[in-house]
1. So is Gly669 at pLDDT below 95, within 13 Å of the ligand (Cβ to nearest atom) and touching a Ser or Thr at 6+ places or on another chain (Cβ under 6 Å) or not?
2. Among the candidates Val197, Val190, Val207, Val259, which residue alone is buried (at least 20 other Cβ atoms within 10 Å of the Cβ) and not small (Gly, Ala, Ser)?
3. May I ask you to list the residues in the stretch 45-71 that are closer than 12 Å to Pro163 by Cα, at pLDDT 95 or above and among the aliphatic types (A, V, I, L, M)?
4. Output the qualifying pairs, or none if there are none: Cβ atoms under 8 angstrom, residues six or more apart or on different chains, first residue in the stretch 672-689 and more than 17 Å from Arg638 (Cβ to Cβ), second residue assigned to a helix (DSSP H, G or I) and charged (D, E, K, R).
5. Looking at this structure, is Ile567 β-branched (Val, Ile, Thr) and either touching a helix residue (DSSP H, G or I) at 6+ places or on another chain (Cβ under 9 Å) or within 16 Å of the ligand (Cβ to nearest atom) (or both)?
6. Mind checking which residues of the stretch 469-479 are buried (at least 24 other Cβ atoms within 10 Å of the Cβ) and either more than 16 Å from the ligand (Cβ to nearest atom) or closer than 30 Å to Gly438 by Cα (or both)?
Amino acid sequence: MEHWKISTSELGGDAADLMRRQIRFQIANGYMGYRGTLDEDGPEQHVGVTLAGIFDRVGEAWREPVNAPNGGYTAVSVDGVELTLASGDCARHEQALDLAAAVFSRQSVFQVNGKGVTLQSTRFLSAANPHLGVVRYTVTCDAAASLRIRTGIDGNIWDLNGPHLPGLEFATQGDVLLVHGKTQEQGIPVAVAEAVVHTLADGKQEVSEGRNLHTWQIKAEAGKTYTFDKFFAVATGNDSLEASPREAVVEMVRAAAAVGFEPCLAEHRAEWQRRWERADVVIEGDDDAQLALRFSILQLLMAAPVEGSANSIPARALSGQVYKGAIFWDTEMFMYPMFLYTWPEAAAELLRYRIHTLDGARRKAQTEGPGYRGAFYAWESQETGDDACSYFNVGDPHTGRELRTHFRDKQIHVSGDIAIAMWQHFLVTGDDSLLLEGGADVILECARFYYSYAYYKADKRRYEFLDVIGPDEYHERVNNNAFTNRVAYETLRIALELVEHLRAEHPDALEALIERLQIADELPAYAVLLREAYVPEPDPQTGLIEQFEGYFKLDDVSIEEVTSRKIHPNEYLGAGQGLAVPTQVIKQADVIMMMYLFRESFAPEIVQANWDYYEPRTEHGSSLSACAYALTATEIGRLEEAYRYFIKTASIDLKGDFKLYAGTIFMGGTHPAACGGAWLTTVFGFAGVGRHEGRLAIRPRLYPRWTRLRFSLVYQKDHFTVDVSREVLTVQAAATNRQTHQLQLVDRIVACAPGAVVTESLSPKANDDG
Ligand code: IFM
């Protein structure tokens with residue numbers, strides 16, 4: 001199990017340590033996430049079974065995803081003493097996460113009245129049936145004892161802004177327990193059922209303290225192990241099921257219980273094996289990097305939306321209700337590329353979510369005005385695509401007051417980020433069906449949005465993008481942010497290329513599209529805007545690109561100086577009066593993010609000049625920042641710096657090295673964008689994978705301590721295994737590939753037929769200089 005398991009025997013710590021542990025050990029299956037809490041935990045320990053794609057609002061509080069009643073609940077008492085880690089009776093505890101199949105397990109040994117009691121459980125959320133969770137639980141006492149086991153569904157739910165399921169109802173159907181309710185805002189039914197398979201003597205069913213339970217009183221024999229298997233299922237009114245959620249979950253747990261624990265686990269493991277065959281990356285020579293990267297990839301694979309759900313991956317995945325369970329640009333820019341190159345069907349699912357929420361983006365353009373049209377995608381997007389981001393999105397920890405932020409109304413780059421991802425799907429898969437499914441509408445509506453947003457500056461004879469926020473959120477309402485302008489430019493370029501593609505390949509679809517969007521009159525104007533759009537270029541003397549107009553005139557003080565001025569440790573450095581606002585200290589990669597995204601467009605000396613300028617001024621206040629620095633560092637052969645940032649991005653959740661609060665806002669959860677950044681840095685960065693002149697191109701610059709990198713890629717629907725050692729780059733094409741590909745290996749173009757193995761020797765220079 002080397003590099004396939006994490007574990008801890010930590011017992012104590014403060015509330016923050018506990019929270020970080022629960023985040024690290026969470027499991028998910030795209031439909032729901034289950035924080036790494038223990039079987040006996042309840043809302044005080046922040047148990048969360050967070051559901052994908054179902055949201056609710058209570059009063060004026062933020063809308064957030066719904067947490068389901070906890071079907072994984074079990075509590076045990078021995079001789080009248082409840083066994084909990086907090087009780088002080090726990091002598092030894094270990095919990096583990098099996099990365100190969102997202103299986104959580106725990107073993108806790110308690111000492112009660114001189115008797116040793118061991119609790120063990122194994123929990124997984126089925127990858128084969130996403131509604132299903134399964135737990136095997138065992139209790140062993142080393143002396144005769146009076147044992148009480150209570151297991152079932154806990155209807156006491158921890159919410160950030162709930163309760164979302166008030167007035168839960170409890171029922172039984174034969175041996176199956178049921179808890180169900182409806183969301184407050186839309187009355188969407190949510191149901192959880194649970195069935196237990198056991199060989200215990202008869203117990204009883206009862207509803208007690210908000211829980212629907214099976215209870216057993218057992219005269220436990222010394223050394224005997226008491227085992228039972230729990231099957232719980234969750235369904236909501238959002239699911240396409242033949243029966244009602246209540247009927248469906250009862251049916252599901254009955255079926256799973258009839259199949260049994262082992263076969264359910266085997267089916268789950270088989271699905272995980274298929275996932276890892278696609279997405280695993282082997283790093284030889286560096287155990288820390290291997291574990292951190294695998295853990296990062298696991299986070300993305302666990303969060304991949306269920307096929308056909310048109311859901312996407314929220315900024316904190318399914319680890320809780322943080323950030324309103326919303327989908328940000330994080331998904332397309334940081335997570336999506338891994339799926340695109342390893343599991344394109346899942347990548348398409350992520351983009352379908354944007355197709356599905358296009359109307360929400362259209363509504364936002366109209367309401368955020370003045371005169372905006374097209375698709376202004378939500379900064380924080382939920383199920384309809386309307387923006388969940390509040391105008392006051394951060395709190396001041398001194399006064400508790402909400403601070404006006406402009407994330408929602410000014411972070412316009414999000415539309416272009418989505419359009420770029422949509423076009424990438426076509427380029428990398430070679431399949432334009434997603435464009436015909438609505439992807440083309442998304443691209444053209446994003447272009448239309450920028451067309452409606454641009455200002456013509458007559459004296460400069462150019463179109464500008466004013467009053468925006470770039471990726472660096474500490475500087476709001478700036479003009480001509482380099483990243484934003486380039487993304488807008490690229491969106492318009494893609495839109496026109498798309499039209500040409502459709503004209504050549506699908507003229508009828510183009511005609512229908514133009515008619516549907518009523519865009520015929522505007523298209524020529526997009527070409528003019530493209531010609532005359534202002535895209536900041538490097539200064540000819542310094543090579544620097546100014547992040548936005550006036551940035552270089554801001555106070556050039558160090559990050560240490562700015563942070564030393566804080567009065568409260570959780571103080572937010574941006575918004576109106578934030579300490580970073582008058583300075584050149586930036587929150588996250590901005591120009592450098594642009595240099596990663598458009599890496600074909602910048603010469604190494606330009607990247608280098610900007611990296612050296614912006615890096616000391618970047619506070620990395622966002623988990624999205626480190627990977628952009630890592631990636632661009634590989635482009636310029638700064639492999640030590642690249643590695644430093646790689647480890648930062650890859651181990652954020654593994655080490656729990658993240659903020660729990662921004663201002664007054666709780667932010668604890670996983671960081672799937674950083675996890676995606678770990679994959680990007682490894683595969684696009686150290687292995688040098690990319691597209692060049694329409695070909696799959698690989699130009700390795702292996703980190704010196706790594707002796708080998710091995711991974712799989714899917715390109716134009718064909719499969720390749722890539723193996724980079726210090727001496728040679730080897731690409732093996734699957735025998736089932738449909739065509740011969742022209743690959744660019746370092747500087748050579750090589751034909752790679754189905755089943756062929758092609759190699760390129762790597763000089764030490766190739767690896768070390770990038
Ligand atoms: O999308 C990011 C943003 O760039 C920085 N603040 C956090 C958001 C969610 O991760």
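1. yes
2. Answer to the check: Val190.
3. Val58, Val66, Ala68, listed by residue number.
4. Listed pairs, sorted by first residue: Pro672/Asp330; Ala673/Asp330; Ala674/Asp653; Cys675/Asp653; Gly676/Asp330.
5. no
6. Those that are buried (at least 24 other Cβ atoms within 10 Å of the Cβ) and either more than 16 Å from the ligand (Cβ to nearest atom) or closer than 30 Å to Gly438 by Cα (or both): Ile469, Gly470, Pro471.
Residue by residue, here is whether (1) of a type in the set (Ser, Thr, Tyr); (2) in contact with a helix residue (DSSP H, G or I) (Cβ under 8 Å, 6 or more places away or on another chain); (3) at pLDDT below 95; (4) assigned to a loop (DSSP other than H, G, I, E, B) holds:
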{"site": "Ala495", "(1), (2), (3), (4)": "no, yes, no, no"}
{"site": "Ala504", "(1), (2), (3), (4)": "no, no, no, no"}
{"site": "Ile519", "(1), (2), (3), (4)": "no, yes, no, yes"}
{"site": "Val528", "(1), (2), (3), (4)": "no, no, no, no"}
{"site": "Asp539", "(1), (2), (3), (4)": "no, no, no, yes"}
{"site": "Gln547", "(1), (2), (3), (4)": "no, yes, no, yes"}
{"site": "Phe552", "(1), (2), (3), (4)": "no, no, no, no"}
{"site": "Val557", "(1), (2), (3), (4)": "no, no, no, yes"}
{"site": "Val562", "(1), (2), (3), (4)": "no, no, no, no"}
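Here's the yes/no breakdown for (1) among the acidic types (Asp, Glu); (2) over 26 Å from the mean Cα position of the chain (by Cα); (3) assigned to a loop (DSSP other than H, G, I, E, B):
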position: Tyr353; (1), (2), (3): no, no, no
position: Ala365; (1), (2), (3): no, no, no
position: Tyr372; (1), (2), (3): no, yes, yes
position: Val428; (1), (2), (3): no, no, no
position: Phe449; (1), (2), (3): no, yes, no
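The values are calculated or read from the model by the stated rules, or taken from the named source; none is laboratory data. If you're wondering where the values come from, they're calculated on a predicted model, not measured in any experiment. Here the Cβ is made from the backbone with ideal geometry for all residues, glycine too, and neighbour counts use every protein chain on show.
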